[in-house]
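What follows is a set of notes on a single structure, which appears directly below.
Nothing in this text is a laboratory measurement; each read-out follows from the coordinates by a stated rule. Quantities reported herein were computed from a predicted structural model and do not represent experimental measurements. Methodologically, a virtual Cβ is constructed for each residue, glycine included, from the backbone with ideal geometry; neighbour enumeration extends over all protein chains shown.
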Amino acid sequence: MKTLQNKLALVTGASSGIGAATARALRGEGCELVLAARRVPPLQALADELGGCRVVELDVRDADAVLAALGDLPLDICVANAGLGIGMEPIPEGDPAEWALMIDTNVKGLLYTVRAVTPGMIARGRGDVVLIGSVAGRQVYPGGNVYCASKWAVRAIYEALRLDLPHPELRVSTVDPGMVRTDFSRVRFRGDEQAAARVYENVDHLTPEDVADAVRYVVTRPPHVNVGELVLWASAQTSTTAVTRKS
């Protein structure tokens, strides 16, 4: 098991959900943290809770801002978590502005983040890049269309990075969870709390801590081990569309 004591880790989208849980998990392993997100108050609250954290207000859709904020950090670990889904309409009824928001965040924002942090890792000859994907990047489901396309792109970026990074101690991984109860569905249903709650109703779903534990596993493997793809399903979920609900 690789120690993370005093390693410097970046977590994007760290203000809530999987990002916040991952920050807690890495801090528990001794990491120093850079926490990045658009929403500063919850980010600062998390930093105050954990101590030893740097807070960066950051919209990953802004390439110049991402490079300026992250390009010079001597990172050992980058967890690229920032992402969202919005809308469930079929493509003929979809909103191009919402499509752009998903693509700009989930795909271009991921690329901007990786582009900013990997040159330093290459120069130092080491580092872990962990992408937070989704089972939506493996199985398309009704209403998922553009969100699923963005997560298929994350998987392609993962595979490309494995070819593009030249040093064997630069490890690239994708952690792809299924149904996790976070603010994801609230955002997807544009703030409709009842619709969001119905997604998880009577289901033993994954938690953000489950995903954070997977990230911790990935980055604590011995240097010669690269956990490439780690897929997490709730036991009650057998596909993106098949979920067993308790009566």
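Cross-link reach is defined here as a Cα-Cα straight distance under 24 Å, omitting same-chain residues fewer than 8 places apart; for Lys108 the lysines meeting it are Lys151. Computed over the chain with a Gaussian network model linking Cα atoms closer than 10 Å, the most mobile of Ala195, Ala14, Ala37 is Ala195. Across segment 79-214, C-alpha contacts under 8 Å between residues 6 or more apart give a mean separation that, scaled by the residue count, equals a relative contact order of 29 percent. Averaging the sequence gap over all C-alpha pairs within less than 8 Å and six or more residues apart, then dividing by the number of residues, gives the chain a relative contact order of 21 percent. Computed per residue of the chain from DSSP H runs no shorter than four, each worth -39500 (n - 2.57), the mean residue ellipticity at 222 nm is -12500 deg cm²/dmol.
Using only Cα atoms, find the angle between the long axis of helix 17-28 and the longest principal axis of the chain, and express it within 0 to 90 degrees, rounded to the nearest 10. Result, in degrees: 30. Compared with the dominant Cα axis of the chain, that is its longest principal axis, helix 145-164 is turned about 20°. Ranking of Leu101, Leu170 by neighbouring Cβ atoms within 10 Å, starting from the fewest: Leu101, Leu170.
Of the residues Thr113, Ile132, Phe189, the one whose Cα sits farthest towards the positive end of the charge dipole of the chain is Ile132 (charges of +1 on Lys and Arg Cβ, -1 on Asp and Glu Cβ, taken about the Cα centre).
For the chain, set up a GNM with springs between Cα atoms under 10 Å and report which of Asn226, Asn202, Asn145 has the largest fluctuation. Taking springs between Cα atoms under 10 Å, the residue moving most is Asn202.
Quote the relative contact order of segment 37-157 in percent (integer), defining contacts as alpha-carbon pairs under 8 Å separated by 6+ residues.
Working: 156 pairs, mean separation 34.6, N = 121.
Contact order relative to length: 29 percent.
Relative to the dominant Cα principal axis of the chain, helix 208-219 is inclined by about 30°. In segment 95-186, which trypsin sites (Lys or Arg not before Pro) are in a loop and have at most 12 other Cβ atoms within 10 Å, using DSSP for the loop call? Here no loop site has a sparse enough neighbourhood. Using only side-chain charges placed at the Cβ, +1 for Lys and Arg and -1 for Asp and Glu, the dipole size of the chain relative to its Cα centre rounds to 480 debye. Among Gly127, Gly178, Gly51, the largest mean-square fluctuation in a Gaussian network model of the chain (Cα springs under 10 Å) belongs to Gly51. Dipole of the chain computed with +1 at Lys/Arg Cβ and -1 at Asp/Glu Cβ about the Cα centre; of Tyr147, Ala123, Ala65, farthest Cα towards the positive end is Ala123.
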